[in-house]
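Below is one structure; the comments refer to it alone.
The values are calculated or read from the model by the stated rules, or taken from the named source; none is laboratory data. Since the model is a prediction, treat every value here as computed from it, not as a measurement. Virtual Cβ from ideal backbone geometry, glycine too; neighbours counted across all protein chains shown. Heavy atoms of the whole protein, side chains included, go into the accessibility calculation; ligands, DNA and RNA do not. Shrake-Rupley method; radii C 1.70, N 1.55, O 1.52, S 1.80 Å.
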Amino acid sequence: MKRRKKTSAVAVNSRLISRPIRRCFPIFMLPTFAAFCIGFIWPFAQGMYLSFCNFTIPKDAEFIGIGNYVKAFADAGFRYSFLYTAAFAVVSILAINIFAFTIAYLLTQNIKGANLFRTVFFMPNLIGGIVLGYIWSMIFDGILKKYGTFLLAETSYGFWGLIILMCWQQIGYMMIIYIAGLQSVPEDMMEAAKIDGANKWQTLIRITIPNVMSSITICIFLTLTNSFKLFDQNLALTGGMPVAFTDAGTTINTTEMLALNIYKTFYTSANTRGLAQAKAVMFFVLVAVLAIAQLRFTREKEVQQ
Amino acid sequence: MKKKLVSTLLLGALSVSLLAGCGGNGGSGDGGSDDGGKSDAKGSVYYLNFKPEADQAWQDLAKKYTEETGVEVKVVTAASGEYESTLTTEMGKSSAPTLFQVGNDQAVNTWKNYCLDLADTDIVKELSTDEFNLTGDNGEIYAVGYCYEAFGIITNKKLLKEAGYEVSDITDFASLKKVAEDITARKDELGFSAFTSAGLESSSSWRFSGHLANMPMFYEFRDDGVTKQPATVTGAYLDNFKDVWDLYINNATCTPVELATKTGDESEAEFGQEQAVFFQNGSWEYANLVTDETKGFMMNADDLTMIPIYCGVEGEENAGLCCGTENCWAVNSQASEADIQATLDFIKWVVTSDEGTTMMAEQFGPIPFKNAKEPENVFFKAADQYIEDGKYVVSWAFNYTPNVDDWRATVVSAMLQYSSNGGSWDNVVKAYVDGWATQYAAQ
């Protein structure tokens, strides 16, 4: 085994191949780099610029300075949707990860039919968000009808409805990641723990969880960004309804998350597209900062194997 | 030597894949510039249509026009829900739509820099009325209304007779209420209800947040002499709105609690299956109720008519149906001169030629042009009859609504709370009045 590895390593490292690669690497990078620039860097820069502009279509943007950012901060609906999104993110991160880890843990305990369960639990993840939103709104309405009410009656129904929907959709995906993590926990460590007389609970806390910390990092990262970026399900399930009234004589959509708020702002009128763009830039910064902070934090807890 | 060979090979492979990639992109790009090439000579038309149900008819008409004149007409359809986003994207391209939809004040606000002033064009000269055009402050015509629609309360005359009434018995809100409540009282004996379900499910809630709410809006704006989008509204006639709404939900086929999930299709089916006498909707329902074989209602056109929505406003016995439109053409002012000319020629041909007017009559009913063909639709006949009898047309005041989708969603939300969840009517008033101010300020 070892010898063969060595020979293939030699092949890649042979100067015959490595030197032209080294010399020509810009050319090899070029297609991907160009695609990255065209598809990501350029639109991103343009988006940044547009957030300082007034425009109907990007071609005819007119620079107006930071006015859009001022307006965005003054927008009560935007501030509300930020808080609402944050609350949603906290609850859904906890719920999804706890459930996903529990199920993954159970399914790695040699249960009969574990493979079937894994497949079934993963399946909801294959359905698109809009479809899910409409299906679940029907399910919720069907159930709530029995109690003489409906999904859009209360803000809390919409909130918990969305939590249930997201759990149902995402738990399976996170479960797969946790299963992979759990399966790579070294057997010898488990055995050592057993010999030392650790009970199941102690093994879980002291051995298993520290060892799957890298899975936890990635799962929390995914659920965090997913919760903040959530759009389809929000749009289809409640569309931001019901409405609340402020003392200032304005209205607020009480189940509207950040992405939906930005989307609605964009299509309000020609005067609000720059504003929506400014909101989107702030949204990007927020998600990026949160995600990086979270990665830093959980990485520190990871164990090197 | 060997090294060079390898790197040459690799470079070769790379450039091939690069070229292939470019070739792929070039395909669509070429298509675009091809159009551009032709447009220099003769001009071409690119119509961004927003009625999926009329898509096939437009495609056929476009083909016919191209055969006749050699001018290329491209028709792309974006459903109304996606129209705004599609238009925004398409307008940014080099081959932008030359003909597009601008339906109301909000759309004019967004797109007026792209709307050619049509005041001196042939299409305007062909109009039989300028009632449906969207105009600017200085008399610019930003968009031409190319068809109109009427809405009111679709009535099943046969069932009404079974209940012992004639259409002529209903002349105002009091008489409508009397008839409806009498039918409700004898519901079990008669086997049908007065009104179909007033479903507030989002796909058809516009029937009430848009069309029914047009009644208080119209009367308020008429009193105040409103001619352009107002920053605030007073809701002076909201009590009348409440009266009709209460009448609808308390005399319907379903209980108010079910309204949240009732759809427009269900409501239509209830009417089609003769479970109710009254169905608030518009002239576009004619095909669904009478001729559409897949729907299968196949009602007898002679049994059907449309009566005005009465809500208890003084003098409303002289009211006709609500006539108006959101179907207006705007011509892209940023297009090349040849394309603009080609577009103007095309729409003129649509409203003057035999093929064009036939298609318009079939798809859109009556069109406000001199050469219009008469449609079969009984609801338009009813609308015309009211006008002939000297009754006033209730115009589509809701075209002034700021940020219309959000405003309506707000009103629907409050109406739902009121009807199905023990909410207060005050919130509907707030949604209507405060919501208007909020959306006006937001836009």
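Let me confirm one metric for peptide A:268-278, namely the mean number of other chain beta-carbon atoms within 10 Å of its residues' beta-carbons.
Working: counts 12, 10, 10, 4, 4, 2, 0, 1, 0, 0, 0.
Mean inter-chain Cβ contacts per residue within 10 Å come to 4.
Sequentially through the range B:173-178, phi angles give Karplus couplings (6.51, -1.76, 1.60; θ = phi - 60°) of 5, 4, 6, 4, 5, 4 Hz, Gly and Pro residues having no value and appearing as x. Converting phi to 3J(HN,Hα) with the Karplus coefficients 6.51, -1.76 and 1.60 and the offset θ = phi - 60°, the range B:190-203 yields 6, x, 8, 9, 6, 10, 6, 5, 8, x, 9, 5, 4, 5 Hz in sequence order, with x at every glycine or proline. Computed over protein heavy atoms with a 1.4 Å probe, the accessible surface of chain B works out to 42 Å² per residue. Assuming a ≥ b ≥ c are the square roots of the Cα gyration tensor eigenvalues, decide whether the protein assembly as shown counts as rounded (a/c under 1.5), prolate (otherwise, with a/b larger than b/c) or oblate. Cα axes put the protein assembly as shown in the oblate bin. Taking GluC sites (Glu not before Pro) across the range A:250-305, the ones in a DSSP loop with at most 15 further Cβ atoms lying within 10 angstrom of their Cβ are A:Glu302. Per-residue packing, averaged as other Cβ atoms within 10 Å, sorts the ranges A:107-120, B:105-118, A:125-138 into the order B:105-118, A:125-138, A:107-120, beginning with the highest. Its DSSP H runs of at least 4 residues, each contributing -39,500 (n - 2.57), put the calculated 222 nm mean residue ellipticity of chain B at -15000 deg cm²/dmol, to the nearest 500. Contact-buried residues of the range A:99-145, at a threshold of 40 Å² lost accessible area versus the chain by itself: A:Lys145 (1.4 Å probe; DNA, RNA and ligands ignored). For the segment A:18-25, counting C-beta atoms of other chains within 10 Å of every residue's C-beta and taking the mean gives 2. Mean partner shielding of peptide A:55-67, defined as the number of other chain Cβ atoms within 10 Å of each residue Cβ, is 3.
For B:Lys74, nonlocal amide neighbours, meaning residues 5 or more places apart or on other chains whose placed amide H falls under 5 Å from its own, are B:Val45, B:Tyr46, B:Tyr47. For a test of the definition: using alpha carbon positions, the gyration tensor, and the 1.5 limit on a/c, classify chain A as rounded, prolate or oblate. The shape class here is oblate. Shape analysis of chain B places it in the prolate category; the axes a ≥ b ≥ c from the Cα gyration tensor give an a/c of at least 1.5, with a/b above b/c. Restricting the range B:308-348 to GluC sites (Glu not before Pro) that sit in a DSSP loop and have at most 14 other Cβ atoms within 10 Å of their own Cβ leaves B:Glu314. The mean accessible area for residues of the range A:68-300, using a 1.4 Å probe and ignoring ligands and nucleic acids, is 49 Å² per residue.
Surface composition of the range B:395-443: carbon and sulfur make up 47 percent of the accessible area, probe 1.4 Å.
The loop-placed GluC sites (Glu not before Pro) in the range B:359-402, going by DSSP, that have at most 15 neighbouring Cβ atoms within 10 Å of their Cβ come out as B:Glu376.
Using a 1.4 angstrom probe on heavy atoms only, work out the carbon and sulfur share of the accessible area of the range A:224-305 in %.
Of the solvent-accessible surface of the range A:224-305, carbon and sulfur hold 58 percent.
The candidates A:Glu187, B:Glu90, arranged from most to least accessible area with a 1.4 Å probe in the full protein assembly, appear as A:Glu187, B:Glu90. On association of chains A and B, roughly 3200 Å² of accessible area becomes buried (total for both chains; probe 1.4 Å).
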